[in-house]
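The values are calculated or read from the model by the stated rules, or taken from the named source; none is laboratory data. Not measured: the values here are computed from a predicted model. Cβ atoms come from the backbone with ideal geometry, glycine included; neighbour counts cover every protein chain shown. For accessibility, only protein heavy atoms count, side chains too; no ligands or nucleic acids. Shrake-Rupley method; radii C 1.70, N 1.55, O 1.52, S 1.80 Å.
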Amino acid sequence: MIKFFDSPSVKNAMSKILLAFIFYTVAAASFNGFFVKWKFRDLEENHSFEMMYDETASRPYIHRQLMLATAKEIKSLMTPQQQQNFLNFFQPIDIFTNLSHRKSFIEDSYTNTKILSRYAVEYHIVYFMAFGFLFLSMFIWRQIGIELTNSPTAGTLTACTFAIIFPLLETVGGFFYDFGELFFLSLATLLAIKGYWLALILISPIAEYNKESFLFFIVTLFPLFAEKFSKTRTALILTAAIFLSGVVYLYVSNLYIGNSGGSTEFQFFKHLEFIFSGWFNIEISYSTIFGAGMFLPHILIFVWILKCTWKKILPTWKNHLKISAVINFPLYIAFCYPGELRNLSLMYISFIAMLSIFIKEVINIEQKN
């Protein structure tokens, strides 16, 4: 038996299983931090889960239909008995009587806000889709970290660290489709690093159906693809991806043109107000006090990481960060609610890149000591 566990193939398999377990546990903690804080914006005006489901939500929220459309399709393939069995599966079981004795954590969340039971199946499906996107994203972040640092340890710590940080970025507002956005931004970046251009083109319309920000993110991938291909070929690849994303955006926008609201909401003057009052706001995350929005200490931590890593970041990644900032900051100031850091999502991957390099430097210092 001991020899069996000493086998290289078994050690490799066990290492992967342990890594998956660690990521699953960290993702569970992170997702719980998000869900306790925001749930799925149940019963909120203009953009609640039930309004998104019924396709009556305001624009631009209603445009983000990928996860709900998938959940509806899955439910349509299930018989009523299968739907009930699916819901029963998540009921806590009393180990002494083997009987379900109370509602699941998920069901408690939507029944406490009086969401109709007809949404229950879709609510559960979207819940686990969002968690799945976060869990899978962690493997991508690890690989991005390894590509940048050549250190599996730094890559693993980067994935765990950003997962734990993510609920803090879901500040002032947070939505279930943010996890889909995070996954597709991460996947697109890894595809660019590897030069898998056809895969990027194929996922672009799907990612755009989840959230319209993906169309803008495609542009930021130019430096990464240009490492693998000529500038002309890179431009053609990204043009194709942008075209398909644009078609989806126009189709979805036209589909919900009768809904209230608009494709964007002008927020510039609210940002001017925020400059004088928004640096030390707080909110509850992970059931304790953290900074909210553009909390100054959080901003200073980011600036410190940027300062410590800028000289060590490859020129390709510097260009990626610069393009992301040039696109994201004006859009954020003009159209995003003040303090909603999730709307700086085009810069998430740049932060992950800096974080991996920062962690690798910390490891190096510790090893020297």
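Please specify each residue of segment 264-286 satisfying the condition of being small (Gly, Ala, Ser) and within 21 Å of the chain's Cα centre (by Cα). Reasoning before the result, please.
Step one: of segment 264-286, the residues small (Gly, Ala, Ser) are 277-278, 285.
Passing the criteria: only 285.
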*Just need a number here: residues in segment 299-320 that are buried (at least 19 other Cβ atoms within 10 Å of the Cβ) and either within 28 Å of residue 277 (Cα to Cα) or of a type in the set (Ser, Thr, Tyr) (or both).*
1
*Can you tell me which residue among 272, 250, 244, 236 is in a helix (DSSP H, G or I) and either closer than 25 Å to residue 341 by Cβ or of a type in the set (Gly, Ala, Ser) (or both)?*
272
*asked:* Going by what's in this entry, would residue 280 be described as open to solvent by 70 Å² or more (accessible area, probe 1.4 Å) and touching a strand residue (DSSP E or B) at 6+ places or on another chain (Cβ under 8 Å)?
replied: yes
*Cβ pairs under 6 Å, 6+ apart, first in segment 155-171 and farther than 20 Å from residue 287 by Cβ, second part of a helix (DSSP H, G or I) and basic (Lys, Arg)*: 155/142; 156/142; 159/142
_Residue count for segment 330-369, restricted to those that are closer than 17 Å to residue 294 by Cβ and not hydrophobic (A, V, I, L, M, F, W, C)_ = 10
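Within segment 133-185, which residues are of a type in the set (A, V, I, L, M, F, W, C), in contact with a Pro (Cβ under 9 Å, 6 or more places away or on another chain) and open to solvent by less than 20 Å² (accessible area, probe 1.4 Å)? Show your work before the answer.
At the first step, the residues of segment 133-185 found to be of a type in the set (A, V, I, L, M, F, W, C) are 133-136, 138-141, 144, 146, 148, 154, 157, 159-160, 162-166, 168-169, 172, 175-176, 179, 182-185.
With in contact with a Pro (Cβ under 9 Å, 6 or more places away or on another chain) added as a condition, the list becomes 146, 172.
Matches in segment 133-185: none.
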*Qualifying positions in segment 245-268 - touching a Pro at 6+ places or on another chain (Cβ under 9 Å), open to solvent by less than 60 Å² (accessible area, probe 1.4 Å) and of a type in the set (A, V, I, L, M)*: 248
*Under 6 Å between Cβ atoms, at least 6 apart or on separate chains: pull out the pairs that start in segment 178-196 with a residue that is under 11 Å from residue 217 (Cβ atoms) and end on any residue that is among the polar types (S, T, N, Q) and open to solvent by 30 Å² or more (accessible area, probe 1.4 Å).*
none
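Go through segment 253-269 and give me each residue that's farther than 25 Å from residue 341 by Cβ and not in a loop (DSSP other than H, G, I, E, B).
Narrowing segment 253-269 to residues farther than 25 Å from residue 341 by Cβ: 253-260.
Within segment 253-269, 253, 254, 255 meet the criteria.
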*Could you pull out every one of the helices (runs of 4 or more DSSP H) wholly within segment 131-217 that has 1 or more residues that are among the hydrophobic types (A, V, I, L, M, F, W, C) and more than 23 Å from residue 234 (Cβ to Cβ)?*
152-169, 177-194
_In segment 275-294, the residues that are of a type in the set (Phe, Trp, Tyr), assigned to a loop (DSSP other than H, G, I, E, B) and in contact (Cβ under 8 Å) with a residue 60 or more places away in the chain_ = 286
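Being within 21 Å of the chain's Cα centre (by Cα), in a helix (DSSP H, G or I), closer than 24 Å to residue 171 by Cβ and at pLDDT 90 or above is the requirement here; does residue 21 meet it? Give the derivation first.
Details: within 21 Å of the chain's Cα centre (by Cα): yes; in a helix (DSSP H, G or I): yes; closer than 24 Å to residue 171 by Cβ: no; at pLDDT 90 or above: yes.
So residue 21 does not fit the description; no.
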*asked:* Suppose the filter is at pLDDT below 95, assigned to a helix (DSSP H, G or I), more than 21 Å from residue 193 (Cβ to Cβ) and of a type in the set (A, V, I, L, M, F, W, C); does residue 365 pass it?
replied: yes
